[in-house]
1. Identify all residues within the stretch 338-362 that are within 16 Å of the ligand (Cβ to nearest atom) and either among the polar types (S, T, N, Q) or under 16 Å from Ala316 (Cα atoms) (or both); write none if there are none.
2. Does Phe223 satisfy being in contact with a Phe, Trp or Tyr (Cβ under 7 Å, 6 or more places away or on another chain), outside any helix (DSSP H, G or I), within 16 Å of the ligand (Cβ to nearest atom) and open to solvent by less than 40 Å² (accessible area, probe 1.4 Å)?
3. Scan the stretch 322-336 and give yes if some residue there is within 13 Å of the ligand (Cβ to nearest atom) and out of contact with any helix residue (DSSP H, G or I) (no Cβ under 8 Å at 6 or more places or on another chain), otherwise no.
4. Give the residues of the stretch 98-142 that are within 11 Å of the ligand (Cβ to nearest atom), of a type in the set (A, V, I, L, M, F, W, C), open to solvent by less than 10 Å² (accessible area, probe 1.4 Å) and out of contact with any His (no Cβ under 8 Å at 6 or more places or on another chain), sorted by residue number.
5. Given (1) open to solvent by 10 Å² or more (accessible area, probe 1.4 Å); (2) assigned to a helix (DSSP H, G or I); (3) more than 16 Å from the ligand (Cβ to nearest atom); (4) not small (Gly, Ala, Ser), identify the lone condition not met by Leu247.
6. Across the stretch 372-387, what is the number of residues that are surrounded by fewer than 23 Cβ atoms within 10 Å (Cβ to Cβ) and assigned to a loop (DSSP other than H, G, I, E, B)?
7. Of the conditions (1) hydrophobic (A, V, I, L, M, F, W, C); (2) surrounded by fewer than 22 Cβ atoms within 10 Å (Cβ to Cβ); (3) part of a loop (DSSP other than H, G, I, E, B), Ala286 fails just one. Which one is it?
8. Looking only at the stretch 64-79, how many residues end up being over 18 Å from His265 (Cβ atoms) and modelled with pLDDT of 95 or more?
Amino acid sequence: MKINHFLTRRHALYLGLGSLAGLGSLTTNKLINSCYANQFIAHQHRSFYVQGNTPLKTRAAKKGIIYGADCGSLELQSQPELQAAVIQECAMLVPGFLKWNMLRPNPASFNFTRGDWYVNFAQKNKMLTRGHTLVWYDALPKWFKETVNKQNARQFLEEHIKKVAGHYAGKMHSWDVVNEAINVPDGLPNGWRKSPWLEFLGTDYIDLAFRITSEVDPQSLLFYNDFGLEYDKPEHEAKRTAVLKLLEKLKSQGTPIHGFGMQSHLDGHETRFNPQKLRNFFRDIASLGLKIMITELDVVDKKLPKDIDLRDRIVASVYEDYLSVALDEKAVIGVITWGLSDRYTWLAEFHRRDDQEPVRLLPLDTQMQRKLSWNAIARTFDNAPQR
Ligand code: XIL
């Protein structure tokens, strides 16, 4: 029932936009945009009403859920308004400076200065901290390629995890120990992604990474994190199967893994969302005894209309439709948005709009004001079952 209802609503929206687009050639852009918006609002009786002003972190906490954000860039250090917004809305912070290329200027040294600032900021403001990420094929420093090889890879991996997870031991709620190890199009058995770690250490590199992390930081929850799993598309289906197989293997061999991170970089114009498939995937993961976190939530608005009212309504709908299904699964213990304010989002560069308009895809606008996306997320916390 819910699937049909959802598809009908989203498809109706796009069909509506399609027929309105026909009028476009007859009128000015401005008129088209306001026409889109008026039509949409007139025909779309969706309410994003939220009671009260309670921040996201409090609404989530009432249900036993953690809400937080990544603040990857230096702006948090220099922008008091962003700091105030983060303190107000978030119960968890993900420092953006814990990747190899940020921590390791050369093979022999580690630079924790910026990471430490974030962890201290979080602690001072009673926020939890989440580590991202210890082992990834990407974000490796320039020196990695000419320095790390089959002979010394194990030593580098061990040293890295011991130094980094050891440095923050007892301070991390959770770690993305391994990020993005599956990529079915690479054509390797079981969907493994081509990566230097796989090439040098074989498939056991994941187990190894979790074991070392667990030794140096036994208190932290250890996660495997990945993307491209949300939609009813053949490539997402294949990846869900491969990820599940990997998680089953890790659990069955006794790897100390506690959770799965579903990145959730959603696509604003994608209509192929099938709630039942998401429910089944989460249920399968939960049945392995693993927790789930939504770890990098945002909504790409690249292909959405320019009109701000309309765009905000679509983005908010995407957040609410996705999160309301995800949070139905009680194994989901946290939601992290990949950024908090539209002033600072990686997608401004990574998925720049063709019309050069600023992106509008996070809960707060560039002035730190709450948008419909904030309402949408708040509503899903208010309506979520208690953990
Ligand atoms: C992104 C950061 O947000 C950017 O600031 C950086 O330039 C590139 O990486 N999946 C991940 C994250 O696991 O680490 C990525 O973060 C986004 C995609």
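1. Selection gives Trp338, Gly339, Leu340, Ser341, Asp342, Thr345, Val359, Leu361, Leu362.
2. It is true that Phe223 is in contact with a Phe, Trp or Tyr (Cβ under 7 Å, 6 or more places away or on another chain), outside any helix (DSSP H, G or I), within 16 Å of the ligand (Cβ to nearest atom) and open to solvent by less than 40 Å² (accessible area, probe 1.4 Å).
3. So far as the stretch 322-336 goes, yes, one or more of its residues are within 13 Å of the ligand (Cβ to nearest atom) and out of contact with any helix residue (DSSP H, G or I) (no Cβ under 8 Å at 6 or more places or on another chain).
4. None; the set is empty.
5. Condition (1) is where Leu247 drops out.
6. So the answer is 3.
7. Unmet condition: (3).
8. Result for the stretch 64-79: 3.
The values are calculated or read from the model by the stated rules, or taken from the named source; none is laboratory data. Just so we're clear, the structure is a prediction, and the values are computed from it rather than from any experiment. Counting neighbours? That spans all protein chains shown, and the Cβs are built from the backbone with ideal geometry, glycine included. What goes into the accessible areas is simple: the full protein's heavy atoms, side chains included, and nothing from ligands, DNA or RNA. Shrake-Rupley method; radii C 1.70, N 1.55, O 1.52, S 1.80 Å.
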